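K.L.:
What follows is a structure written as structure tokens; I'll ask about it next.
The values are calculated or read from the model by the stated rules, or taken from the named source; none is laboratory data. Please read all numbers here as calculations on a predicted model, not as lab measurements. Cβ placement follows ideal geometry from the backbone for every residue including glycine, while neighbour counts extend to all protein chains displayed.
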Amino acid sequence: MIPKEDIVQVKMLFHQLQTSLSHQHENYWLTKNSDRRLIAWSNTALLGADEAVEYFISTGIDITEEKQVKEALQQTNTLQLAILNSTSYMVISTDIDGNICTFNHAAQKLLGYSAEEVVGKTTPVIFHALREVVQRAQVLSSQGIDITPGFDVFVAQVRRGEIDEQEWTYIRKDGSRFPILLSITALRDVDGNITGFLGIGSDISDRKQTIEALRTSEARLNLTLEAAQMGTWNWDMLTHEVTFSERLGFIFGFPPGTHQATFQNFINIIHPEDRIAVEQSITRAVEGGVNYNVEFRIFWSDGSLHWIGSQGQVYYDNGQAIRLVGVSMDITKRKHTEQALQQANVKLTDWVGELEERNREITFLGEMSEILQACHTVEEAYKVLPSLIQPLFPQISGGIFLINASRNMVEAVATWGTSISQTLFKSDDCWALRRGRVHCMDTHTGLVCQHLEHAPSSTAYLCVPMMAQGEALGLLHLSSPELALTQGKKQLAITVAEQISWALANLKLREKLQNHSIRDALTNLFNRRYMEESLERELFRCDRKQQPLGVIMIDVDHFKRFNDTFGHEAGDAILREIGLFLQSNIRKSDIACRYGGEELTLILPESTLETIQQRAEQIREGVKHLRIQHRQQLLGAVTLSLGIACFPQHGSTPTTLIQAADAALYCAKTSGRDRVSIAES
């Protein structure tokens, strides 16, 4: 009955009994069915009268099952310890009174205490501020749970069978504080009685910082991350059985009280699109020696979708993977937060793009304003407007239209792009001008302006009245594909129209003021100051080009007689009519001026002496045939005396030329008037 390999050991034990008289040992015995059973023996030697061993009494107990249970328990303890030390979450267990029994590696790392320093002590005393414990007790009291501040604050809800998951501020050994998401589970014996508590916590400092950064960067996004749920599991890769904690069963939506399922049960609830990723992560962990780490989606029995984050470690036996042990947590809210953050980043990116576009538009508007202010005439402004406006409205055609003096027609003074259908139309043809407000039409609906009736139907357009000092100057017209005329572009068009309106109004006013400063109010001829500036400029130009220049001095004969006979208003009428005659009978390059009183001056650039003399005679004869009336009364024939001088024959400076022409004029008047006299060389 004793296995052969144990016979020698048994003989030695009986030999020892002859000297020690009693002994205990364990050895295997074979049953009738040849089963090996482990027997625990208690042996006693009985002595005879001669003090010699006469009998042996041995009592044996079969401890085979007891030995197996002890080995299984040791294995379970080993696995539990592996789970505790492999997770990145803080795990602390206590007895029913709150004395710490287990303090895993993550807890030691997070809190700075060794297990030896805290095991046997009460958790609130070590890690928690009394103020926070008292506040939690007050909250529970408001919920109908009467409780004294202390350890019961942490486990009161668990004792009632409720889930307890709270955010706490933990105090490290060095006094620093940090937030922990703590999930507490009751530990129960086989009869369901609570024997202790298990707290699982995760450092949520990074999450806090992320929330704060999100609040700072985007005030509208006021999302907070809720506590993450976590549970432990143990997958026997040989039997494909998975055992797991109560928390994990809740996370995966299993019925309450379920603590075991097959691996296939888990695969069945994973989203079909994520199953490959989970299986690949398992393969990498088994074959590559890396930790199992994957995020995936699952379906609960009610059809709701949840995100799960899992971490784990593979255990091997003789090179064969036998177990995958790890933790899982519900990361649905974190995923939702990430999606919200991504949306916020997209929105922020859009806002940055819009801001950059607004800055670019402001820069262009500033440049446009500077350039328009630098223009000398409205005609110059008309030429530069297309190049100034087009960068503000890329891929958009348009034009600047101004109302004519009679205010019945509108004409384009600047255009760009290709879709301007009419460049001249009646002011009543545009709804924007008729209503005095912006008029917009998209590609589908709206009131079409008559000047755009022949425009393509696929084109949207915008007409913006250009107003200055309460008066309509014209309009800014834009047309393009519908998508290009955004609300931002429409607002920009209004701003551009305002700037152009004021710029053109200022240019017209400047031209008017400048015209007043260089023209004689009575004759509308240039005044003497402008004549002197122009003569100097034209002399310089003709000298550089080696061209002649002529000056004609003109005096109205017997002007004082007209004033004495018909009055000064009649004299003014004579000077106005002569001014009109000169303006309509000289070249564009010639300059007609009122020198003073009844004396007038003509500057004729690039004209020979012969040409000057012919022009002088034409003027003299033309004025003589004017029929000038004042108060419906003919004033009679008006004659002129003219003196001419030519550069360079009669002088090379403005002063010498004027003096020479004036002397020739004097000669004409003293020679009988109504004639042309040439200066002496």
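K.L.:
Quick one: which helices (runs of 4 or more DSSP H) lie wholly within region 535-638 and hold at least 2 residues that are among the aromatic types (F, W, Y) and under 23 Å from D662 (Cα atoms)?
P.N.:
So the answer is 559-566.
K.L.:
Just to check your reading of the model, which residue among E617, E621, E598 is within 18 Å of A570 (Cβ to Cβ) and out of contact with any Gly (no Cβ under 6 Å at 6 or more places or on another chain)?
P.N.:
Only one candidate passes the filter, namely E598.
K.L.:
Just to be sure, is C667 surrounded by 16 or more Cβ atoms within 10 Å (Cβ to Cβ) and in contact with a Pro (Cβ under 6 Å, 6 or more places away or on another chain)?
P.N.:
No; evaluated as a whole, the condition is false for this residue.
K.L.:
Given the conditions (1) in a loop (DSSP other than H, G, I, E, B); (2) modelled with pLDDT under 85; (3) surrounded by 14 or more Cβ atoms within 10 Å (Cβ to Cβ), and given that P149 satisfies all but one, which numbered condition is not satisfied?
P.N.:
(2)
K.L.:
While we're looking at this one, here's another question. Give all pairs with beta carbons closer than 7 Å in which a residue from region 580-605 that is in contact (Cβ under 8 Å) with a residue 12 or more places away in the chain meets a residue that is of a type in the set (S, T, N, Q) and not in a loop (DSSP other than H, G, I, E, B); count only pairs at least 6 apart in sequence or on separate chains.
P.N.:
Going by the 7 Å Cβ cut-off, the qualifying pairs are I591/S534; A592/Q583; C593/T601; Y595/T601; I603/S534.
K.L.:
Looking for whichever is free of Cβ contacts under 8 Å to residues at least 60 places away in the same chain and surrounded by 15 or more Cβ atoms within 10 Å (Cβ to Cβ) here; the options are A129, A156, A213. Which one fits?
P.N.:
None of the other options fit; the residue is A156.
K.L.:
Restricting the search to region 385-418, which residues are in a helix (DSSP H, G or I) and under 20 Å from M467 (Cα atoms)?
P.N.:
Selection gives L385, P386, L388, I389.
K.L.:
Please work out if D174 is exposed (fewer than 13 other Cβ atoms within 10 Å of the Cβ), over 37 Å from the mean Cα position of the chain (by Cα) and modelled with pLDDT of 90 or more.
P.N.:
Criteria met by D174.
K.L.:
So which residues in region 188-204 are assigned to a strand (DSSP E or B) and not aliphatic (A, V, I, L, M)?
P.N.:
Once the filter is applied, which keeps residues that are assigned to a strand (DSSP E or B) and not aliphatic (A, V, I, L, M), region 188-204 yields R188, T195, G196, F197, G199, G201, S202, D203.
K.L.:
Which of the residues spanning region 596-627 are buried (at least 21 other Cβ atoms within 10 Å of the Cβ) and either more than 22 Å from S534 (Cβ to Cβ) or among the hydroxyl-bearing types (S, T, Y) (or both)?
P.N.:
Listed by number, the residues that qualify are T601, S607, V623.
K.L.:
Only residues that are under 27 Å from E246 (Cβ atoms) and either in contact with a Pro (Cβ under 8 Å, 6 or more places away or on another chain) or in contact (Cβ under 8 Å) with a residue 60 or more places away in the chain (or both): list them for region 159-177, please.
P.N.:
I163, E165, Q166, E167, W168, T169, Y170
K.L.:
List the residue pairs whose Cβ atoms are under 7 Å apart, where the first residue sits in region 510-530 and is among the hydroxyl-bearing types (S, T, Y), the second is at pLDDT 85 or above and part of a helix (DSSP H, G or I), and the two are 6 or more positions apart or on different chains.
P.N.:
Taking only residues 6 or more apart or on different chains, the pairs are T523/L575; T523/R576; T523/G579.
K.L.:
Also: Filter region 624-648 down to the residues that are farther than 25 Å from H568 by Cα and either free of Cβ contacts under 8 Å to residues at least 40 places away in the same chain or among the β-branched types (V, I, T) (or both) and list them by number.
P.N.:
Listed by number, the list holds a single entry, I644.
K.L.:
With respect to the numbered conditions (1) in contact (Cβ under 8 Å) with a residue 40 or more places away in the chain; (2) under 27 Å from Q547 (Cβ atoms), which one is the sole condition not fulfilled by G651?
P.N.:
(1)
K.L.:
So which residues in region 282-309 are in a strand (DSSP E or B) and either touching a residue at least 24 places away in the same chain (Cβ under 8 Å) or not polar (S, T, N, Q) (or both), if there are any at all?
P.N.:
Selection gives Y292, V294, E295, F296, R297, I298, F299, L305, H306, W307, I308, G309.
K.L.:
Let me confirm something: among A340, A277, A321, which residue is small (G, A, S) and free of Cβ contacts under 8 Å to residues at least 40 places away in the same chain?
P.N.:
Only one candidate passes the filter, namely A277.
K.L.:
Could you list all residues from region 186-206 that are more than 15 Å from F103 (Cα to Cα) and in contact (Cβ under 8 Å) with a residue 40 or more places away in the chain?
P.N.:
Across region 186-206, the qualifying residues are L187, I194, T195, D203.
K.L.:
Same structure, new question: Pairs only if they're at least six apart or on different chains, beta carbon under 8 angstrom, first in region 370-388 and surrounded by 15 or more Cβ atoms within 10 Å (Cβ to Cβ), second among the acidic types (D, E); list them, first residue then second.
P.N.:
So the pair list comes out as V378/E511; L388/E367.
K.L.:
Kindly indicate whether Q390 is in the same structural domain as A505 (by TED's automatic domain parsing) and in contact with a Phe, Trp or Tyr (Cβ under 6 Å, 6 or more places away or on another chain).
P.N.:
So Q390 passes the test.
K.L.:
So, in region 267-281, exactly how many residues are part of a helix (DSSP H, G or I) and touching a helix residue (DSSP H, G or I) at 6+ places or on another chain (Cβ under 9 Å)?
P.N.:
Total satisfying the criteria: 4.
K.L.:
Another question, if that's okay. Go through (1) touching a residue at least 12 places away in the same chain (Cβ under 8 Å); (2) farther than 28 Å from S652 by Cα for E621 and report which single condition fails.
P.N.:
(1)
K.L.:
For K109, all conditions in the list (1) closer than 20 Å to S176 by Cα; (2) in a loop (DSSP other than H, G, I, E, B) hold save one; what is the number of the exception?
P.N.:
Here K109 clears every test but (2).
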